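Taken together, the values in this text are just the output of simple stated rules run on the coordinates, not laboratory data. Since we're looking at a predicted model, the values are computed, not measured. Every residue, glycine among them, receives a Cβ derived from its backbone with ideal geometry; neighbour counts consider all protein chains shown.
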Amino acid sequence: MTTDIRSSSASQKFADSILALRPHVAVFDCDGTLWSGDSGADYFYWEMERGMIAPDVVQQITARYQDYKAGKVDEETMCGEMVTINAGAAMQALEESAEEFFPAMVEKRIFPEMLRLTRELNATGCEVWAVSSTNDWVVREGVKRFGIPGGRVLAAAVHLEDGRATDRLIRVPSGPGKAAAIHEVLRKQVDICFGNSVHDLAMLEIALHPFAVNPNPDLEKIAQERNWQVYWPAGTMRK
């Protein structure tokens with residue numbers, strides 16, 4: 001079943017259909033679901049351009065990223081390394097960089113329909129969470145706009161020592177890791193879940209009502225096979 005969103009009235013109709021489910025817990029992927037593009041990769045290049053990463057580390061991580069794009073490094077490993085390259089940085093400085101980065105590079109790519117939906121869910125008292133393999137300081141900054149507090153963000157994170165990032169990972173929610181993080185932290189039934197790629201499949205499967213938003217071809221195929229609802233925000237220009 002495919003819903004093609006092309007007008008504000010159609011968008012509201014879709015939102016109303018979600019609200020009619022009376023969900024208590026809603027989980028959203030971020031990149032490709034709440035906004036277009038990959039904010040994790042964008043921040044990765046953005047911080048390197050600003051000299052936030054040592055030159056020798058830049059050379060190493062850039063080569064690793066090329067291997068990732070060539071399929072030689074898996075998603076979870078790459079996302080973890082894109083966080084741990086910030087080891088030694090003060091978390092306050094990283095958070096301040098996210099406050100500069102997100103409005104300049106990502107905010108314009110937010111899907112208005114998803115912004116309205118999350119706000120309307122919040123208004124009903126629904127517990128709204130964000131789950132992402134992007135670093136948690138960028139995700140926490142981004143989802144403020146959706147009414148999602150930092151305490152309801154499960155993203156790629158590292159342990160801190162004296163307020164500084166270390167190279168010791170807490171979690172990298174990707175693939176099965178997204179579902180594992182939800183089970184570990186939420187410990188409750190997920191009523192509705194939204195994702196855009198096969199890396200979201202595991203968490204979509206644990207929801208009572210899974211929705212594929214702006215899906216990549218692999219997830220679109222799975223959604224069609226399982227009769228999950230597919231939602232194309234207007235900004236995706238789906239034909």
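Data table
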| quantity | calculated |
| --- | --- |
| FRET efficiency estimate (nearest 0.05) - Cβ-Cβ, T124 to D74, R0 41 angstrom | 0.60 |
| Label zone at L115 (point 7 Å along Cα-to-Cβ), backbone N below 14 Å, the range 27-44 | 34-36 |
| Net charge, T77 excluded, C-beta distance under 11 Å - Lys, Arg +1, Asp, Glu -1 | -3 |
| Most mobile of A104, A156, A207 in a GNM of the chain (Cα contacts under 10 Å) | A104 |
| Potential lengthening between E100 and S9 on full extension [0.36 nm per residue; Cα-Cα distance subtracted] | 29.4 nm |
| Local electrostatic count at V153 - Lys and Arg +1, Asp and Glu -1, tallied over other residues with Cβ under 9 Å | +1 |
| Helix-derived mean residue ellipticity, 222 nm - over the chain, DSSP H n ≥ 4, -39500 (n - 2.57), to 500 | -13500 deg cm²/dmol |
| Prolate/oblate/rounded label for the range 1-110 (Cα gyration tensor, a/c 1.5) | prolate |
| Charged-residue dipole, Cβ positions (Lys, Arg, Asp, Glu), the chain about Cα centre, Debye nearest 20 | 800 |
| Antiparallel content of DSSP bridges confined to the chain, in %, to 5 | 20 |
| Cβ charges +1 (Lys, Arg) and -1 (Asp, Glu), total dipole of the range 1-104, debye | 420 |
| Long-range amide H partners of V128 with built H, under 5 Å | A26 |
| Pairwise centroid distance, computed over Cα atoms, of the range 97-125 with the range 158-219, Å | 18 |
| Residue-span extension gain [M52 to E205] - 0.36 nm each, minus C-alpha spacing | 51.3 nm |
